[in-house]
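Okay, structure first, notes after.
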Amino acid sequence: DDTAMALYMDSVVDSLDVTMVVAAGNDGPTTETISSPANAYNIISVGNIDDGNTCAASGDISGDSIASTSSRGPTIGGRVKPDIAAPGTNIISTAYNWEGANSDFLSSTGTSMSAPHVAGAALIVLDYKATATDPKIIKALLLNSANSSAFTNKSSYGWGVLDMKNAYTHRDDVFANNVTEGSYKLYKGLNVVSGDKA
């Protein structure tokens with residue numbers, strides 16, 4: 001379950017305190033198709049959902065589903081991966097070969113289109129919670145606030161689909177500290193709603 005690249009990525013996140021977001025891969029729909037380094041412990045691996053071209057902000061998630069090509073978990077060691085899912089089907093983005101007669105933009109599908117949504121979300125978390133530079137805090141906030149109500153298959157969606165509105169609601173409900181065995185405290189957030197995770 002530990003490849004050299006996954007161990008390297010874990011080391012980068014841990015030693016440099018850098019949040020790292022990685023595409024889960026496009027080898028689905030078979031289980032255990034998460035590739036390295038998406039199987040690393042400390043990074044955030046992202047699966048691809050097809051949002052049916054509807055806006056999640058409106059609350060319409062009825063047509064959202066995991067893309068058939070999105071790599072699935074669990075890891076060979078049995079861990080939940082991907083960590084989270086985000087829109088990655090028919091995403092309009094800038095073209096790498098925009099010069100000359102080529103188009104400036106293109107439509108593409110895959111977990112490489114999903115991962116930037118989560119990377120951007122991590123940057124927004126850093127912006128509105130400047131003290132949350134610890135990658136564990138950012139990962140915990142994004143995963144614990146993910147929408148898992150209709151996305152319960154952890155092998156496909158991880159802990160759910162990215163939900164920045166819920167992440168903002170819980171932005172102050174995370175902290176990082178060491179826990180001594182047998183001695184710990186539980187904290188209740190101010191905005192607890194049904195379905196919240198800890």
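The values are calculated or read from the model by the stated rules, or taken from the named source; none is laboratory data. Here the structure is a predicted model, which is why all the values come from computation and not from measurement. Note: ideal-geometry Cβ built from the backbone for every residue, glycine included; neighbour counts use all protein chains shown. Keep in mind that these areas ignore ligands, DNA and RNA; they rest on the heavy atoms of the full protein, side chains included. Shrake-Rupley method; radii C 1.70, N 1.55, O 1.52, S 1.80 Å.
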Tell me yes or no: at least one residue of segment 96-106 is assigned to a loop (DSSP other than H, G, I, E, B), more than 18 Å from Arg171 (Cα to Cα) and open to solvent by less than 50 Å² (accessible area, probe 1.4 Å). no
Restricting the first residue to segment 25-42 and requiring it to be under 20 Å from Tyr8 (Cα atoms), which pairs with a second residue that is surrounded by fewer than 19 Cβ atoms within 10 Å (Cβ to Cβ) and of a type in the set (A, V, I, L, M, F, W, C) meet a Cβ separation below 6 Å and a spacing of at least six or different chains? Ser36/Met5; Pro37/Met5
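For every residue, the table says whether it meets (1) over 20 Å from Ala122 (Cβ atoms); (2) in contact with a helix residue (DSSP H, G or I) (Cβ under 9 Å, 6 or more places away or on another chain); (3) hydrophobic (A, V, I, L, M, F, W, C); (4) open to solvent by less than 30 Å² (accessible area, probe 1.4 Å).
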position: Asp10; (1), (2), (3), (4): no, no, no, yes
position: Asp14; (1), (2), (3), (4): no, yes, no, no
position: Asp17; (1), (2), (3), (4): no, yes, no, no
position: Val22; (1), (2), (3), (4): no, yes, yes, yes
position: Pro29; (1), (2), (3), (4): yes, yes, no, no
position: Ser35; (1), (2), (3), (4): yes, no, no, no
position: Gly78; (1), (2), (3), (4): yes, no, no, no
position: Gly88; (1), (2), (3), (4): no, yes, no, yes
position: Ile91; (1), (2), (3), (4): no, yes, yes, no
Looking only at segment 19-55, and only at residues there that are in contact with an Asp or Glu (Cβ under 8 Å, 6 or more places away or on another chain) and among the acidic types (Asp, Glu), the one that is modelled with the lowest pLDDT: Asp51
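Mind counting the residues in segment 56-78 that are modelled with pLDDT of 90 or more and more than 15 Å from Asn153 (Cβ to Cβ)?
5
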Quick check on segment 136-143. Is at least one of its residues in a loop (DSSP other than H, G, I, E, B) and modelled with pLDDT of 70 or more? no
In segment 158-198, which residue that is in a loop (DSSP other than H, G, I, E, B) and modelled with pLDDT of 85 or more is farthest from Glu32 (Cα to Cα)? His170
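Report yes if Gly47 is part of a strand (DSSP E or B) and either loosely packed, with under 15 Cβ neighbours inside 10 Å or in contact (Cβ under 8 Å) with a residue 12 or more places away in the chain (or both), otherwise no.
It is true that Gly47 is part of a strand (DSSP E or B) and either loosely packed, with under 15 Cβ neighbours inside 10 Å or in contact (Cβ under 8 Å) with a residue 12 or more places away in the chain (or both).
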